[in-house]
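To start, the structure itself, in structure tokens.
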Amino acid sequence: MSLSAPRCPPWLAPSRLQDACYAALRLSGWLTVTAACVIGVWAAFFAALGQFTFAGTMLHLGNLAARYVAAGAERQDAFRALFWAWSAGLFLAAGFFRRRALTDLVNQIKEKADGQE
């Protein structure tokens, strides 16, 4: 009885599986960093509203939260739609400026076993 390693189907060759894992990790990293850029822009916006002081920023965020809770359902829905529309626009803008990192994913340069391209 001889034990041999299980064979992969040809469409799931180790090289293709490795490439798919690499692409998935690279894409998820790009999405995460771009989303973090959007969060950072929102944080900078509220810091600027608060005159770059922690107390001023918290005051403006508290005011926004109080007005949001006091608003009716229709107004809350409008605010939510506006917030997500601006967030999507910021994501697209950040993605535009980070597009080079994404094109590197598509145009991968493979190195040969001896380390040369």
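The values are calculated or read from the model by the stated rules, or taken from the named source; none is laboratory data. The shown structure was predicted, so the numbers you read here are calculated from the model rather than taken from an experiment. Positions of Cβ are backbone-derived with ideal geometry, glycine not excepted, and every protein chain shown enters the neighbour counts. Keep in mind that these areas ignore ligands, DNA and RNA; they rest on the heavy atoms of the full protein, side chains included. Shrake-Rupley method; radii C 1.70, N 1.55, O 1.52, S 1.80 Å.
Just a few scattered comments:
- Under the condition of being open to solvent by less than 80 Å² (accessible area, probe 1.4 Å) and either under 24 Å from Phe97 (Cβ atoms) or part of a helix (DSSP H, G or I) (or both), the residues counted in the stretch 58-78 number 11.
- Members of the stretch 68-104 that are of a type in the set (A, V, I, L, M), modelled with pLDDT under 95 and over 15 Å from the mean Cα position of the chain (by Cα): none
- Members of the stretch 85-103 found to be touching a residue at least 12 places away in the same chain (Cβ under 8 Å), open to solvent by 50 Å² or more (accessible area, probe 1.4 Å) and part of a helix (DSSP H, G or I), listed by number: Phe91, Leu102
- Tabulated pairs, the stretch 42-57, first in a loop (DSSP other than H, G, I, E, B), second surrounded by 14 or more Cβ atoms within 10 Å (Cβ to Cβ), C-beta under 6 angstrom, 6+ apart or interchain: Gly50/Gly56; Gly50/Thr57; Gly50/His60
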